[in-house]
């Protein structure tokens, strides 16, 4: 009992001491600040509301406004079977092999109506070598199409049908396209008419090395919109329904779409189409420089302060660049205020112009900016605009040679005489069908080349080439200057 009272007393003393300690702390020590963690108004907006699952940009307007302006292009060509004078085949097949009838080949692609009176743009490779071209509209009407002109260097061709009040697309500004921007590909893949697919712009000014034509321009818009065989020549449109490109190629190991497609930018297409309508052929403007991309190795070797622009490795004599004062080892930074950081980008900007146009070119020389006003020239070193009729003084009409002819004859360039009348060529002994590859040892890829060389010739003209059967020939005649 005594022990119990002792324990109770001890507990009471402890409780009293604790009470006194707490009372003293609250009286003589500052009361601590109480902080509560709450979600402030700012925190509520830090995480934006997520979009509903599956929501995407509304592309119905762009699809509806473009699908009726995209047509189905059907071509028929006659492929001549060439014996190549093979004794092996003659032994087994005799005259039956030598005298085989031409094979009929059919192909198809897409096209885009540009004007209400029937001008249609497509790819050159869609109609290359065609003997007959038909256009089928989205409403199933069918028309015979006339080939106005072609430009193998950009893989663009222009057709014309005789009809009025057609639905058509307006050109958009391909320079204004941004990476990640939504676009639609409209065409006829696998003969499935009026097909629309969507994707984004994956890259710009892409050079993929598929155009083997001399002086070719490759500055493709790369997208992930699904494009397949039959889409070639179809429309690439933005969300406003404006034409920003002509679908041309796919990157594929199978022949079908596997992820990326490529389109010729509308700014180049518009220029090419304008030239073909007005002059019958493209007016190619040249800066007259040898160029390459600026990389870390080039920057280090030439002491450049930044990896930017396009490096000029050399300047062609009597060129636009030389006349303006541009020099080797200069670096082109922009053209008309548009930055260029690759050879393809530079070619794209120059490719929008004609000889005689003046462009503002900002370069870096010794790491200091300097601007030049450059008057672009043609391949012959002047600013003259040339037309398809400029070669008529020779008494002939010409046409581009087809990819099939290039492959079969193992040549990369040339023009073929399609009609021969009285004139210097006929007098010299040339015949219809002859393919001119060189004049005075200079390559000929178009009528512009022929006309320019003859114009500047002094004394005589040496023409070299071959006939469609591979027979080589050359001709010489004089000119009066």
So residue 157, is it within 18 Å of residue 260 (Cβ to Cβ) and in contact with a strand residue (DSSP E or B) (Cβ under 8 Å, 6 or more places away or on another chain): no
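Being within 20 Å of residue 130 (Cα to Cα), in contact with a strand residue (DSSP E or B) (Cβ under 8 Å, 6 or more places away or on another chain) and at pLDDT below 90 narrows it down to one of 404, 421, so name that one. Even if it seems obvious, please write down each step before you answer.
Values: 421 fails: within 20 Å of residue 130 (Cα to Cα).
One residue alone meets the criteria, 404.
Does residue 373 satisfy the condition of being at pLDDT 95 or above and in a loop (DSSP other than H, G, I, E, B)? Before you say what the answer is, go through the steps one by one.
Details: at pLDDT 95 or above: yes; in a loop (DSSP other than H, G, I, E, B): no.
Judged against the criteria, residue 373 is not a match.
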Residue list for the stretch 442-467, restricted to those being under 31 Å from the mean Cα position of the chain (by Cα) and in a loop (DSSP other than H, G, I, E, B): 444, 445, 446
Matching option when the condition is surrounded by 18 or more Cβ atoms within 10 Å (Cβ to Cβ) and out of contact with any strand residue (DSSP E or B) (no Cβ under 6 Å at 6 or more places or on another chain), among 305, 293, 330, 275: 275
Single unsatisfied condition, residue 191 versus (1) farther than 16 Å from residue 67 by Cα; (2) surrounded by fewer than 18 Cβ atoms within 10 Å (Cβ to Cβ): (1)
Qualifying positions in the stretch 196-223 - at pLDDT below 95 and touching a strand residue (DSSP E or B) at 6+ places or on another chain (Cβ under 6 Å): 206, 210, 219
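Can you report the number of residues in the stretch 313-364 which are assigned to a loop (DSSP other than H, G, I, E, B) and either in contact with a helix residue (DSSP H, G or I) (Cβ under 8 Å, 6 or more places away or on another chain) or in contact (Cβ under 8 Å) with a residue 12 or more places away in the chain (or both)?
Step one: list which residues in the stretch 313-364 are assigned to a loop (DSSP other than H, G, I, E, B), which gives 316-319, 325-330, 336-337, 340-342, 351-357.
Next cut, either in contact with a helix residue (DSSP H, G or I) (Cβ under 8 Å, 6 or more places away or on another chain) or in contact (Cβ under 8 Å) with a residue 12 or more places away in the chain (or both) only: 316, 318-319, 325-330, 336-337, 340-342, 351-357.
Looking only at that region, the number is 21.
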Subset of the stretch 135-193 (residues that are without any contact (Cβ under 8 Å) to a residue 40 or more places away in the chain and assigned to a loop (DSSP other than H, G, I, E, B)): 140, 141, 178, 179, 180, 192
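Identify all residues within the stretch 441-460 that are in contact (Cβ under 8 Å) with a residue 12 or more places away in the chain and in contact with a helix residue (DSSP H, G or I) (Cβ under 6 Å, 6 or more places away or on another chain); write none if there are none. Write out each step before concluding.
So in the stretch 441-460, the residues in contact (Cβ under 8 Å) with a residue 12 or more places away in the chain come out as 441, 443-460.
Within the stretch 441-460, 444, 447, 450, 451 meet the criteria.
Residue 381: within 30 Å of residue 298 (Cβ to Cβ) and part of a loop (DSSP other than H, G, I, E, B), yes or no?
Spelling it out, residue 381 is indeed within 30 Å of residue 298 (Cβ to Cβ) and part of a loop (DSSP other than H, G, I, E, B).
So which residues in the stretch 115-129 are surrounded by fewer than 23 Cβ atoms within 10 Å (Cβ to Cβ) and either modelled with pLDDT of 95 or more or in a loop (DSSP other than H, G, I, E, B) (or both), if there are any at all?
Kept after step one, since they are surrounded by fewer than 23 Cβ atoms within 10 Å (Cβ to Cβ), are these residues of the stretch 115-129: 115-119, 125, 128-129.
Answer for the stretch 115-129, where residues must be surrounded by fewer than 23 Cβ atoms within 10 Å (Cβ to Cβ) and either modelled with pLDDT of 95 or more or in a loop (DSSP other than H, G, I, E, B) (or both): 115, 116, 117, 118, 119, 128, 129.
The values are calculated or read from the model by the stated rules, or taken from the named source; none is laboratory data. The structure displayed is predicted, hence computed values, not measured ones. Backbone-built Cβ (ideal geometry, glycine too); neighbour counts: all protein chains shown.
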